[in-house]
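Notes follow the structure.
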Amino acid sequence: MTVDASHDTVLRDEAVDCLVTDPAGTYVDGTFGRGGHSRAILARLSAQGHLVGFDRDAEAAAHARRLADEDPRFSFIRSAFSGWGEALAAHGIDGPVNGVMFDLGVSSPQLDQAERGFSFRFDGPLDMRMDQSHGPSAADWLAVAEEEEIRDVLFRLGEERFARRIAASIVARREQAPLTRTNELVDCVVAAIPKRDPNKHPATRTFQAIRLYINKELDEITQALEQALEHLAPGGRLVVISFHSLEDRIVKRFIRDHSTAGKDFFGNPVGAVALKKIGKAIRAGREETARNPRARSAIMRVAERAA
């Protein structure tokens, strides 16, 4: 069964152009999703090439297994991408890889499914877990978290300036009855925010913050990037697509820190660098953003493993 995932695959061609340097090489798609990037990568590989996909989402896993049945050059590991390097070795895939890419954040299909609880646009269970078989849901956490903890998460991970008001609203609401639906959380936010941006839904930052916290997404990104230093072959590419400033800040700092040599007392560079920055950050063009509004916030950074 062929699944056309190209309709919402952000920066697909640009990402593959930067990633694939050897058609016979081994590559990793750390965030399989619905397979849009993976299929585009496979189209660039020769018969000797190999691609390994990762995802912890059950529906993504189902799509990936169908692709593995179709194409012997593709294999799939159901796992969070934070441990991709260790997982490769555990599954008998030895040696360094020629490239790894991460398309961060939540996918469009996940956002469009009310039952996943990721979006404020639909009423559904207040879940937000990437892997619904593990860990507490957003509803579970909001039922027990202290008001100060909720406030901190909203401010730190959502950069929400009304974090204090929203946290108080959530705690007041749960004293009447537990929050179990996305619309109930939206109501708490709307009641707490005195001034609204007409171009942005008032619950945008709250949903982002809680999702990042529940799934430990920023920690996942940091761990995944660190593994690139160990598991990329010399000349191998690291390609990362981010969708908001917190993600991009981590990626930008990582590439900068590992592509810049230290300096001695006299200001002379010392030590070898682990990465080489490739070009400037890439954003989606006008045609893609018109076709796919989600692409407007996408930013792609590329680095190469130094010899």
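The values are calculated or read from the model by the stated rules, or taken from the named source; none is laboratory data. Note that the coordinates shown come from a computational prediction; the quantities given were computed from them, not determined experimentally. Note that each Cβ is placed from the backbone with ideal geometry, even for glycine, and that neighbours are counted across all protein chains shown.
Any chance you could count how many residues in the stretch 132-149 are touching a residue at least 60 places away in the same chain (Cβ under 8 Å), part of a loop (DSSP other than H, G, I, E, B) and crowded, with 16+ Cβ neighbours inside 10 Å? Qualifying residue count, the stretch 132-149: 2. The residues of the stretch 8-29 that are out of contact with any helix residue (DSSP H, G or I) (no Cβ under 8 Å at 6 or more places or on another chain) and touching a residue at least 24 places away in the same chain (Cβ under 8 Å), listed by number, are GLU14, CYS18, THR21, ASP22, ALA24, GLY25, THR26.
So, ALA298, is that one in contact with a Phe, Trp or Tyr (Cβ under 7 Å, 6 or more places away or on another chain) and within 23 Å of ARG249 (Cβ to Cβ) or not? Explain how you work it out, then say what you get.
Details: in contact with a Phe, Trp or Tyr (Cβ under 7 Å, 6 or more places away or on another chain): yes; within 23 Å of ARG249 (Cβ to Cβ): yes.
Against the criterion (in contact with a Phe, Trp or Tyr (Cβ under 7 Å, 6 or more places away or on another chain) and within 23 Å of ARG249 (Cβ to Cβ)), ALA298 qualifies.
Do we find that ILE93 is aliphatic (A, V, I, L, M), under 17 Å from the mean Cα position of the chain (by Cα) and surrounded by fewer than 24 Cβ atoms within 10 Å (Cβ to Cβ) in this structure? So ILE93 does not fit the description; no.
Are any residues in the stretch 3-18 modelled with pLDDT of 95 or more and over 15 Å from ALA298 (Cα atoms), and if so, which ones? Of everything in the stretch 3-18, those that are modelled with pLDDT of 95 or more and over 15 Å from ALA298 (Cα atoms) turn out to be VAL16, ASP17, CYS18.
Name every residue in the stretch 92-137 that is touching a His at 6+ places or on another chain (Cβ under 7 Å) and charged (D, E, K, R), in order of residue number.
Step one: filter the stretch 92-137 for residues touching a His at 6+ places or on another chain (Cβ under 7 Å), giving 96-97, 101, 103, 120.
Passing the criteria: only ASP103.
Here ASP152 clears all of (1) in contact (Cβ under 8 Å) with a residue 12 or more places away in the chain; (2) in a helix (DSSP H, G or I) except the condition numbered (1).
Residues of the stretch 103-114 include at least one that is part of a strand (DSSP E or B), crowded, with 16+ Cβ neighbours inside 10 Å and either out of contact with any Ser or Thr (no Cβ under 8 Å at 6 or more places or on another chain) or touching a residue at least 60 places away in the same chain (Cβ under 8 Å) (or both).
To keep it simple, each residue is scored yes or no on (1) closer than 29 Å to GLY85 by Cβ; (2) at pLDDT 95 or above.
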{"site": "MET128", "(1), (2)": "yes, yes"}
{"site": "SER133", "(1), (2)": "yes, no"}
{"site": "ALA143", "(1), (2)": "no, yes"}
{"site": "ARG156", "(1), (2)": "yes, yes"}
{"site": "VAL171", "(1), (2)": "no, yes"}
{"site": "LEU225", "(1), (2)": "yes, yes"}
{"site": "GLU230", "(1), (2)": "yes, no"}
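Only one entry of LEU142, LEU157 meets the criterion of being of a type outside the set (Lys, Arg), more than 30 Å from VAL52 (Cβ to Cβ) and touching a Lys or Arg at 6+ places or on another chain (Cβ under 9 Å), and that entry is LEU142.
Condition (residue is of a type in the set (Lys, Arg), touching a helix residue (DSSP H, G or I) at 6+ places or on another chain (Cβ under 9 Å) and more than 25 Å from ALA15 (Cβ to Cβ)) applied to the stretch 97-116: is it met by at least one residue? Walk me through how you get there before you give the answer.
First pass over the stretch 97-116, keeping only residues of a type in the set (Lys, Arg): 116.
Narrowing further to those that are touching a helix residue (DSSP H, G or I) at 6+ places or on another chain (Cβ under 9 Å): 116.
Then keep just the ones that are more than 25 Å from ALA15 (Cβ to Cβ); that gives none.
No: zero hits.
Residue-by-condition table, conditions (1) of a type outside the set (A, V, I, L, M, F, W, C); (2) surrounded by fewer than 24 Cβ atoms within 10 Å (Cβ to Cβ); (3) modelled with pLDDT of 95 or more; (4) within 15 Å of the chain's Cα centre (by Cα):
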residue: MET1; (1), (2), (3), (4): no, yes, no, no
residue: VAL20; (1), (2), (3), (4): no, yes, yes, no
residue: PHE32; (1), (2), (3), (4): no, no, yes, yes
residue: HIS50; (1), (2), (3), (4): yes, yes, yes, no
residue: ALA68; (1), (2), (3), (4): no, yes, yes, no
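Of everything listed in (1) outside the structural domain of THR180 (by TED's automatic domain parsing); (2) out of contact with any strand residue (DSSP E or B) (no Cβ under 9 Å at 6 or more places or on another chain), the single unmet condition for PHE118 is (1). Per this entry, VAL153 is not counted among residues that are under 23 Å from LEU111 (Cα atoms), of a type in the set (A, V, I, L, M, F, W, C), outside the structural domain of ILE250 (by TED's automatic domain parsing) and surrounded by fewer than 17 Cβ atoms within 10 Å (Cβ to Cβ).
Counting residues that are more than 21 Å from GLY105 (Cβ to Cβ), which helices (runs of 4 or more DSSP H) fully inside the stretch 157-237 reach at least 3? Talk me through it step by step, then tell me what you get.
Values: elements: 163-174, 182-192, 204-215, 217-231.
Those helices (runs of 4 or more DSSP H) span 163-174, 182-192, 217-231.
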